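K.L.:
Here it is, the structure in full.
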Amino acid sequence: MCPPPTDQARWFAQEIQPHEAALRAYLRSRFPDVRDVDDLVQESFSRVLQSYGTVQIESTKAYLFATARNLALSALRRPKIFSPTPVTDFSVQSVVEESINVAEAVSVRQEVTVLLDAIDALPAACREIFILRKLQNVPQKEIAARLGLSEQTVQVQIVRAIRKCAVYLRKHGVKGIH
């Protein structure tokens, strides 16, 4: 038997969730360069839920859409760390082979090795989610369904993985990671 919904859950179901389709349409039309609208919608929901009870919200729809707009703008400004296509040994090898400078080729190969080590150092579940999302480009919603997790849990794990990888890369001298 399910426990009764909390005030926050009731508020979300009545005030926020009904705007999901309109929010997706808005993001797709207003920000066509944003690759993963599903991630933006989930992050917007998460942020709005976090503000429940702490922020005076006069219009939940306006607040939700403003949150999504800000996240979309932030995503477009953020430097792209990962390619939308999966990284394979073949693609890494072709990049290295095309390089004219041998020192640069060695550096790239070392950085890729450090990145793979960083990914290997992640906790198992976190690593699996990270690989599915960032290297295999599996949508967040599909990962959640496949692993029996909430989309928010998947999102949290992806953020943790990115942060841990960035720290690992910085510790091992890979430049350009912020």
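The values are calculated or read from the model by the stated rules, or taken from the named source; none is laboratory data. For clarity, every value in this text was computed on a predicted model and none was experimentally measured. Cβ: placed from backbone, ideal geometry, glycine included. Neighbour counts: every protein chain shown.
K.L.:
Taking V48, is it at pLDDT below 90, buried (at least 17 other Cβ atoms within 10 Å of the Cβ) and assigned to a helix (DSSP H, G or I)?
P.N.:
yes
K.L.:
Also, quick follow-up: For a quick check of your reading of the model, give me the residue pairs whose first member lies in the stretch 31-54 and is farther than 19 Å from A13 by Cβ, whose second is surrounded by fewer than 20 Cβ atoms within 10 Å (Cβ to Cβ) and of a type in the set (V, I, T), with beta-carbon atoms closer than 7 Å and at least 6 apart or on different chains.
P.N.:
Qualifying pairs under 7 Å: L40/V34.
K.L.:
Where residues in the stretch 52-63 are at pLDDT below 85 and surrounded by 12 or more Cβ atoms within 10 Å (Cβ to Cβ), which of them is nearest to E151 (Cα to Cα)?
P.N.:
Y52
K.L.:
Still on this structure, please answer the following. Mind telling me which of the residues A75, A25, A66, A21 ends up being of a type outside the set (F, W, Y), over 24 Å from L135 (Cβ atoms), modelled with pLDDT of 60 or more and surrounded by 13 or more Cβ atoms within 10 Å (Cβ to Cβ)?
P.N.:
Sole residue among the options that is of a type outside the set (F, W, Y), over 24 Å from L135 (Cβ atoms), modelled with pLDDT of 60 or more and surrounded by 13 or more Cβ atoms within 10 Å (Cβ to Cβ): A66.
K.L.:
Could I ask something else about it? Going by the structure shown, is V154 buried (at least 16 other Cβ atoms within 10 Å of the Cβ) and outside any helix (DSSP H, G or I)?
P.N.:
It is false that V154 is buried (at least 16 other Cβ atoms within 10 Å of the Cβ) and outside any helix (DSSP H, G or I).
K.L.:
Does K175 count as at pLDDT 80 or above, out of contact with any Ser or Thr (no Cβ under 7 Å at 6 or more places or on another chain) and not aliphatic (A, V, I, L, M)?
P.N.:
When the stated conditions are applied, K175 does not pass them.
K.L.:
May I pose another question? So which of V112, V138 is under 12 Å from the mean Cα position of the chain (by Cα) and modelled with pLDDT under 90?
P.N.:
When all the criteria are applied, what remains is V138.
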